[in-house]
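Some notes on the structure that comes next.
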Amino acid sequence: MRQSIIEKSKKYLWLPFTQMKDYDENPLIIKSGNGIKLKDINGKEYYDGFSSVWLNVHGHRKKELDEAIKKQLEKIAHSTLLGMTNVPATELAEMLINITPDKLTRVFYSDSGAEAMEIALKMAFQYWKNRGKPEKQKFISMKNGYHGDTIGAVSVGSIELFHHVYGPLMFESFKAPIPYIYRSESGDPEQCRDECLEALEQLLTEHHGEIAALTIESMVQGASGMIVMPDGFLSGVRQLCTKYDVLMIVDEVATGFGRTGKMFACEHENVQPDLMAAGKGITGGYLPIAVTFATEAIYEAFYDDYEKGKTFYHGHSYTGNQLGCAVAIENLRLFEAERIVEQVAEKSKTAELLLHDLKSLPHVGDVRQLGLMAGIELVQTKETKQPYPPEQRVGYQVSLKMRELGMLTRPLGDVVAFLPPLASTTEELKAMVSIMKEAIREVTSREF
Ligand code: PLP
């Protein structure tokens, strides 16, 4: 007898970031999608409340994006970028450079956000070597940071739950504190910012001679719970990097392509990174393309006669994939035609009003948001900000309840992540927030 697809999924798959025992108890198989909804094999529909892990821009099955892929398929699906290029990868590079911060002039493609970060780290490391300063080998990264799951990206990450197992595999990086206003002693954004900048300056004073680069998520630390940085923090970090001659690697993988109400979140603070990683929304959520952007000064440090040994030896089989680049080009065209970034800035005000309503729930401790990137932190006791014991898995229970009510998202511990597709309408935002409210209310009123 033919196995049902559910049985097959349980028998053959091993899913990312998933305890498979949980999956076996609550399997879910998506069959199709349309607009901002996904449909499972039983025909049940769900709002895609986390944009299929923070990727989706225009909704699923956007006609223009589907067409762009079909059109490209009539020419070619893939050829390599090693030592040569292709038409869409080249056209897309120009389009990207026109929308990124001015100092970024070069595009290096890869397939995922983690790789884009890995590449930035290797470029920063080799940059100093090529420039005759090989002693600058180390990195500063931020506490609670997340940059993906490859070993380099994990080394500059700092999420205890995900990373502690791999401690012995990681290279060392100095960790600088990040302003987490809700959990700071003062609760005052400016004080919190200044204390963190002072601590960073202290680190730089002591170690700048050996530091190649600093890594930081742009404006919002996503995976650690949508922690929004106070005004002046990112630009303060930029100033310190310049003062101490340390490259600044800005991670825009989650925040780039309109998510926060600017094309790139570093624009909120007019920050010009030396290296910048982006991915996720670049193809509208269709295909795996990621990019590491570099300044001309960094590019030039690698440009020389072959014998000088300055070449950047890094690449992946599918780098610059034509189908991915073609859909990214169409995605960027739609960004302009449909004024997506301006729309997000508008919609984020609507989302703010709707999310404000959640604050009245007895176990909602904090609601944080920038653009259409929001986190709702659940706590056992609101007055003392006492978290729930992790083993109660309250965030996970809320996500299961939301699934039952027709919306998907993934919790970040006890922070409910809300990152709807950028094209969501006011009505859709309302419907999603109301599901979240119902799920949070129901689960947090249970006896644990
Ligand atoms: N950097 C940040 C800030 C992210 O949020 C993520 C993924 O969520 C990554 C890097 C890793 O990207 P990918 O999953 O495409 O490897």
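The residues in segment 145-184 that are assigned to a helix (DSSP H, G or I) and of a type in the set (Ser, Thr, Tyr) can be counted, and the count is 3. Taking segment 22-74 as the range and being free of Cβ contacts under 8 Å to residues at least 40 places away in the same chain and touching a Pro at 6+ places or on another chain (Cβ under 6 Å) as the test, no residue passes.
Scanning segment 228-273 for residues being touching a residue at least 40 places away in the same chain (Cβ under 8 Å), within 21 Å of ALA116 (Cβ to Cβ) and within 14 Å of the ligand (Cβ to nearest atom) gives a total of 13. Contact map, segment 108-125: first residue in a strand (DSSP E or B), second residue near the ligand (Cβ under 7 Å from one of its atoms) and hydrophobic (A, V, I, L, M, F, W, C), Cβ cut-off under 8 Å, separation 6 or more or different chains; pairs are TYR109/ALA290; SER110/ALA290. In this structure, GLU428 does not satisfy being among the acidic types (Asp, Glu) and either in contact with a Lys or Arg (Cβ under 6 Å, 6 or more places away or on another chain) or without any contact (Cβ under 8 Å) to a residue 12 or more places away in the chain (or both). Is it the case that ILE151 is without any contact (Cβ under 8 Å) to a residue 40 or more places away in the chain, of a type outside the set (Phe, Trp, Tyr) and within 13 Å of the ligand (Cβ to nearest atom)? The answer is yes for ILE151. Out of the residues in segment 202-226 that are surrounded by 17 or more Cβ atoms within 10 Å (Cβ to Cβ) and hydroxyl-bearing (Ser, Thr, Tyr), which is nearest to the chain's Cα centre (by Cα)? Among those that are surrounded by 17 or more Cβ atoms within 10 Å (Cβ to Cβ) and hydroxyl-bearing (Ser, Thr, Tyr), it is SER218. For segment 357-374, the candidate set comprises residues that are touching a strand residue (DSSP E or B) at 6+ places or on another chain (Cβ under 7 Å) and without any contact (Cβ under 8 Å) to a residue 40 or more places away in the chain; within that set, the residue that is surrounded by the most Cβ atoms within 10 Å (Cβ to Cβ) is VAL367.
Of the helices (runs of 4 or more DSSP H) lying entirely inside segment 290-376, those containing at least 3 residues that are under 26 Å from LYS62 (Cβ atoms) and away from the ligand (no atom under 16 Å from the Cβ) are 322-337, 340-356.
None of the figures in this text is laboratory data; all of them are computed from the coordinates on show. Here the structure is a predicted model, which is why all the values come from computation and not from measurement. Glycine gets a Cβ as well: all are built from the backbone with ideal geometry, and neighbour counts include every protein chain shown.
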